[in-house]
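Presented below is the structure to which this report refers.
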Amino acid sequence: MEKKYNDKLVKALKDRQELTDYYGVPLLVKNLPDCEEKGAMDPRLYQDMKMQLKIMGWMPKKFMKMDTSEKGIANLRKMFNAVKSIPCVEADIYIEKRTVKAEDNYQIPIRIYKKHKGDEKKPVLYYIHGGGFFGGSPDVVEESVKMFVDKTGLCVVSPDYRLVPENPYPTGHKDCYSVLKWIYENAASFGGDKEHIFVAGDSAGGNLAQYCTTRDREEGLRQIKGQLLLYPTLNMAGIEDKYYKPGMEHFEMAPGQRKGLSKMIGMFSQMSSGLETILGTSDIQNDYLNPYTRNAGNNPPTFLTVGEHDFLKIETLGYGAKLHEAGVEVKMVLYKGFGHAFFDNTGVYPQCEDCIDEMGEFILHHCK
């Protein structure tokens with residue numbers, strides 16, 4: 001199936017990008033490829049969401065809270081588990097399914113993606129899907145992963161970790177760390193290079209990726225060469241500091257879209273406040289669930305990306321500033337006209353493909 005956009009738009013994203021700064025940290029801004037209006041949604045995204053935005057604009061705030069009942073979680077899972085990408089990768093990608101033993105002997109399903117079955121000593125991207133810790137699956141990001149493999153020739157490992165609330169925190173986090181250690185110990189068995197492992201994740205998956213890095217550094221193993229965090233959940237407790245002060249003034253919105261965008265950003269912000277109940281813990285301020293407030297030093301080179309209208313934008317960019325302040329090498333990329341979860345839309349929006357290009361460049365740069 002063909003992509004829903006012309007490849008010229010991907011080129012335009014690169015041609016129109018601007019290097020600015022955020023609290024003194026270099027920030028690569030990806031302007032819209034074919035729209036000049038400040039604060040406007042990407043035209044393709046707006047066409048897909050204009051009815052939802054209109055409904056949100058008139059929806060009372062009481063309906064914006066996260067429903068943590070069994071029925072509410074089931075409904076949210078249907079939304080988070082939906083595959084939004086379209087099958088557009090023409091290359092044959094070899095996919096191998098295995099299992100990894102968890103700390104409690106549970107067998108964690110994993111998928112290994114390679115461009116060629118016989119590849120050896122390829123850098124490994126360990127990609128952890130998002131979904132609020134209670135939803136999502138490797139299926140949601142599979143086309144994005146396949147495009148990454150096709151473009152870079154690298155290996156990708158994707159885990160199907162256990163979800164809350166059926167498996168309370170820290171089960172899923174420990175699953176992801178168990179898989180990281182397995183990758184390091186068994187990379188040669190699938191053609192990977194254990195000296196070049198990069199961990200990545202989107203949204204809640206970004207939190208899980210940072211958890212893997214934190215545990216890796218705490219234990220002095222240094223298995224991770226770098227980390228790539230896509231609109232990550234980092235400050236679940238909402239702790240304010242000089243870099244993080246929530247408020248709509250941080251979001252540039254086109255006048256004709258302001259009402260719907262404000263409600264969308266506010267809705268997701270309120271939903272994240274319900275995660276404490278779903279996770280099954282009252283301690284969301286610990287260093288693992290709330291890495292934003294942890295000492296940012298001792299992290300590997302870090303790639304951060306987020307959308308202009310993402311409710312997690314302030315904490316994502318703030319974390320980049322804290323990493324930079326702590327002496328950690330960081331690359332930050334901001335996509336204009338987008339909100340949350342754009343990585344799930346391979347073949348639909350050019351920004352997803354551009355993000356895959358940026359991730360590949362970051363990894364290959366640190367493999368030299």
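The values are calculated or read from the model by the stated rules, or taken from the named source; none is laboratory data. From a predicted model like this one, the values you see are computed outputs, not experimental measurements. Counting neighbours? That spans all protein chains shown, and the Cβs are built from the backbone with ideal geometry, glycine included. Side chains are part of the model used for accessible areas, which takes the heavy atoms of the whole protein and leaves out ligands, DNA and RNA. Shrake-Rupley method; radii C 1.70, N 1.55, O 1.52, S 1.80 Å.
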**Request:** Just give me the residues in the range 279-296 being touching a Lys or Arg at 6+ places or on another chain (Cβ under 7 Å) and closer than 18 Å to residue 205 by Cα, in sequence order.
**Result:** 287
**Request:** Quick one: which residue in 240, 276 is open to solvent by 50 Å² or more (accessible area, probe 1.4 Å), charged (D, E, K, R) and in a helix (DSSP H, G or I)?
**Result:** 276
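Matching residues to (1) within 22 Å of residue 76 (Cα to Cα); (2) within 16 Å of the chain's Cα centre (by Cα); (3) aliphatic (A, V, I, L, M); (4) open to solvent by 10 Å² or more (accessible area, probe 1.4 Å):
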| site | (1), (2), (3), (4) |
| --- | --- |
| 134 | yes, yes, no, no |
| 153 | no, no, no, yes |
| 156 | no, yes, yes, no |
| 160 | yes, yes, no, yes |
| 177 | no, no, no, no |
**Asked** So which of 123, 43, 109 ends up being open to solvent by 30 Å² or more (accessible area, probe 1.4 Å), within 22 Å of the chain's Cα centre (by Cα) and not polar (S, T, N, Q)?
**Response** 109
**Message:** For the range 188-198, check the following and say yes or no: at least one residue is part of a helix (DSSP H, G or I) and either open to solvent by 10 Å² or more (accessible area, probe 1.4 Å) or among the basic types (Lys, Arg) (or both).
**Reply:** yes
**Asked** In the list 326, 341, which residue meets the criterion of being open to solvent by 10 Å² or more (accessible area, probe 1.4 Å) and on the phi > 0 side of the Ramachandran plot?
**Response** 341
